[in-house]
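The values are calculated or read from the model by the stated rules, or taken from the named source; none is laboratory data. Keep in mind that what you see is a predicted model, and the values were worked out from it rather than measured. No Cβ is skipped: glycine too gets one built from the backbone with ideal geometry, and neighbour counts run over all protein chains shown. To get the accessible areas, we keep the full protein, side chains included, count just its heavy atoms, and leave off ligands, DNA and RNA. Shrake-Rupley method; radii C 1.70, N 1.55, O 1.52, S 1.80 Å.
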Amino acid sequence: VQLQASGGGLVQPGGSLTLSCAASRNIFTIDAMSWYRQAPGKERDLVASIGRGGNTIYAESVKGRFTISRDIAKNTVYLQMNSLKAEDTAVYYCNAILFQSPYWGQGTLVTVSS
């Protein structure tokens, strides 16, 4: 499966941004789709995930601020990010788990700065 991430950019603290991840196949056939992020000098960490059944999980640091959702008709997963903080600055990656194998999209840079 191929993943195309988009939507990154520069935003001020407290602002909002929505990331999109378009998949090359029906996302209902994918076990789980997730967003990860990697800040400079840090490891890549899970931000949010949505399973085939629609169940979601979030990193503690983004709970209440970020929302992962999907549009099955468009084969697209979204990450709505609100109340952004400087520490949210990172390259965000889309991930899919298909038949227990991980697939990655290219990263999209999110910079939170005034």
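Quick look at the numbers
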{"item": "Relative contact order computed over segment 49-114 (Cα-Cα under 8 Å; 6+ residues apart), in percent", "result": "22 percent"}
{"item": "Mean projected area (nm²) of the alpha-carbon convex hull when segment 1-68 is viewed from all directions", "result": "5.5 nm²"}
{"item": "Normalised contact order of the chain, rounded percent, pairs of Cα under 8 Å and 6 or more residues apart", "result": "38 percent"}
{"item": "Accessible area in square angstrom per residue, segment 1-72, 1.4 angstrom probe", "result": "53 Å²"}
{"item": "Accessible area (Å², 1.4 Å probe, nearest 10) - ARG37", "result": "40 Å²"}
{"item": "Computed FRET value (nearest 0.05) for THR67 with LEU46, which takes r as the C-beta separation and R₀ as 22 Å", "result": "0.90"}
